[in-house]
Each structure stands twice: as structure tokens, then as C-alpha cells.
Amino acid sequence: MKYRVTGILFAVIAIVLLSFSENGIPAFSGKKSTADSSGLNIPENPIVADGNEKADFFSAYTQMNLENSGLSATAFEQAIKGWKKLKESNQLSNEDLLTIVDFSQPSTRKRLYVIDIRRKSLLFNTYVAHGRNSGKEQAINFSNNPSSYKSSPGFYRTENTYYGNNGYSLRLEGLEKGINDNAESRAIVMHGADYVNEGMIRSMGYIGRSQGCPAIPTKLTRPIINTIKNGSCLFIYAPTTYYAQRSDLVR
């Protein structure tokens, strides 16, 4: 009789536990998830299935700890989409590297990310300037027009280096027609700038602004440029529907 009662008790417990489960998986399975400001729910231990690009995206995003580095999951997802399309159309000669400028963040944050896609490694994370007419602390206005002094969003291919008025610089080719394809005529390049530093943040509340170029700290100019030059992908993320609706590379 004692064993029969015990058996009934275990059966009741099993039924109760199953009532708190979904699809046969206990609700208290110990799996955790996080969510960034974009609203994407990101599993800490995603299951990567064959052909499951979303799971591959989550895996790379979490493995490189990009959420804690401040990179928007939406910015990363759009960057990966465009990078894949450019790679598949043979527009990149250095396919392993992806540089992301996340303009959903203010200039007081380290919002430039240089990523080794193949090794899933974050190589650089530092400050980057936006155009003076794009906004003060945050870039909110964008343009492809000459002399606008605004940043242009979208995908670029890094080209060769040269020495100009701003010292060691990297030419950028805008790859999106009507969005950033005037980069060359506008002299939009990556270069170092002494106004991109934490001292400016402490004194002004934001870093200095460029004429539209993604300017970076002078001490990191050569290391970053020498890493990403000659045919890698650079993506400037603008959290606007204007860009997302016009770009063929992020859809």
C-alpha cells in the first residue's frame, strides 16, 4: 500500500510539472535570454541548425559579447545581411573583416567595431565621429549631397591609403546608389582626428565632429586603417526607416 501511494504521488507531481511546460520542454529548463534595445530576444546558448541563419547570427553576436560592448543587434544583423550579399557578388577582396559604425549610439560611446567574421573576434572597439550637420551628441540627419557636412549611412568598400590634410587616411567607396555613392566626390574617408578623444567628452559632453568622415582617435588611426584597408566591408548604421526602406542590401 505504501509503494502504491508513493507511485500515485510521483504521477501527480509529473502532471503538475508538465502543465508548466511548452512543447514537452519544462518551463524551468534553466535557459536564459537577453534582449537589446531593438527588442530582439537573444538566447545565450542558441541552437545552431543547418541553414538556420538567424541562429548563426545570434551565435556570433553572443560569442563576441557584442551586446555588452553596446552594439545594436539590429545594426549587426543589417551589417551581416549586406556583408553576405557583397561577398556573394564578389565585391569584397577582404571578406573576413567587417567594420560597423553604430550611429544608434551617441558619440560619447565607443561605437566603431572592427570584427573578424571568420574567427568571430572583436579586434577594435573605439570612438568615431559623425558629420557636424548630422547632429551634436547623436547623428540624426544624413545626406549624400556634396558640402552637406553630414554622414552618409550604408555599405562602403575600403580602398587604398594615402597621406592628406588629415594625415594617414583611407579612401572609402560608397556602394549604395543615391545613399552614399557620392563618397569619393565628397572626399569621405577614414582618418584620425585629435577632436576624437575622451577629453572632449569631459569638457563638451560629446566628441568633435567631422565634415562627414568617420574620423577615429589619432593613436588608433594606423592600426585600424592597416587592418581594414584594401577591400573590406564598412557599414554605417543609421536607425532610420529612410535607410532601411531604400537599401537593397539590408532587405
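The values are calculated or read from the model by the stated rules, or taken from the named source; none is laboratory data. Remember, predicted model here, so these are calculated numbers, not experimental data. Glycine also receives a Cβ, built like all others from the backbone with ideal geometry; neighbour counts cover every protein chain displayed.
Here is the figure for the stretch 168-209: residues that are touching a Gly at 6+ places or on another chain (Cβ under 9 Å) and closer than 27 Å to Asp248 by Cβ total 13.
Of all residues in the stretch 188-197, exactly one satisfies the criterion of being surrounded by fewer than 18 Cβ atoms within 10 Å (Cβ to Cβ) and free of Cβ contacts under 8 Å to residues at least 40 places away in the same chain, namely Asp194. Exactly one residue out of Ile117, Ile100 is among the aliphatic types (A, V, I, L, M), at pLDDT below 95 and assigned by TED's automatic domain parsing to the domain that holds Ala193: that is Ile117. Among the residues of the stretch 50-69, just one is among the small types (Gly, Ala, Ser), over 12 Å from the mean Cα position of the chain (by Cα) and in a loop (DSSP other than H, G, I, E, B), namely Gly51. Taking (1) part of a loop (DSSP other than H, G, I, E, B); (2) within 21 Å of the chain's Cα centre (by Cα); (3) in contact (Cβ under 8 Å) with a residue 60 or more places away in the chain in turn, Tyr243 satisfies each apart from (1). Can you find a residue that is assigned by TED's automatic domain parsing to the domain that holds Thr158, under 19 Å from Gly192 (Cβ atoms) and surrounded by fewer than 22 Cβ atoms within 10 Å (Cβ to Cβ) anywhere in the stretch 80-87? Taking every residue of the stretch 80-87 in turn, none turns out to be assigned by TED's automatic domain parsing to the domain that holds Thr158, under 19 Å from Gly192 (Cβ atoms) and surrounded by fewer than 22 Cβ atoms within 10 Å (Cβ to Cβ). When Lys85, Lys54 are screened for being over 18 Å from Asp116 (Cβ atoms), modelled with pLDDT under 95 and basic (Lys, Arg), only Lys54 passes. Name the residues in the stretch 106-132 that are buried (at least 21 other Cβ atoms within 10 Å of the Cβ), of a type outside the set (Ser, Thr, Tyr) and either in contact with a Lys or Arg (Cβ under 9 Å, 6 or more places away or on another chain) or more than 18 Å from His191 (Cα to Cα) (or both), would you? Once the filter is applied, which keeps residues that are buried (at least 21 other Cβ atoms within 10 Å of the Cβ), of a type outside the set (Ser, Thr, Tyr) and either in contact with a Lys or Arg (Cβ under 9 Å, 6 or more places away or on another chain) or more than 18 Å from His191 (Cα to Cα) (or both), the stretch 106-132 yields Ile115, Val128, Ala129, His130, Gly131. Within the stretch 223-230, can one find any residue that is over 20 Å from the mean Cα position of the chain (by Cα) and part of a loop (DSSP other than H, G, I, E, B)? Among the residues of the stretch 223-230, at least one is over 20 Å from the mean Cα position of the chain (by Cα) and part of a loop (DSSP other than H, G, I, E, B), which makes the answer yes.
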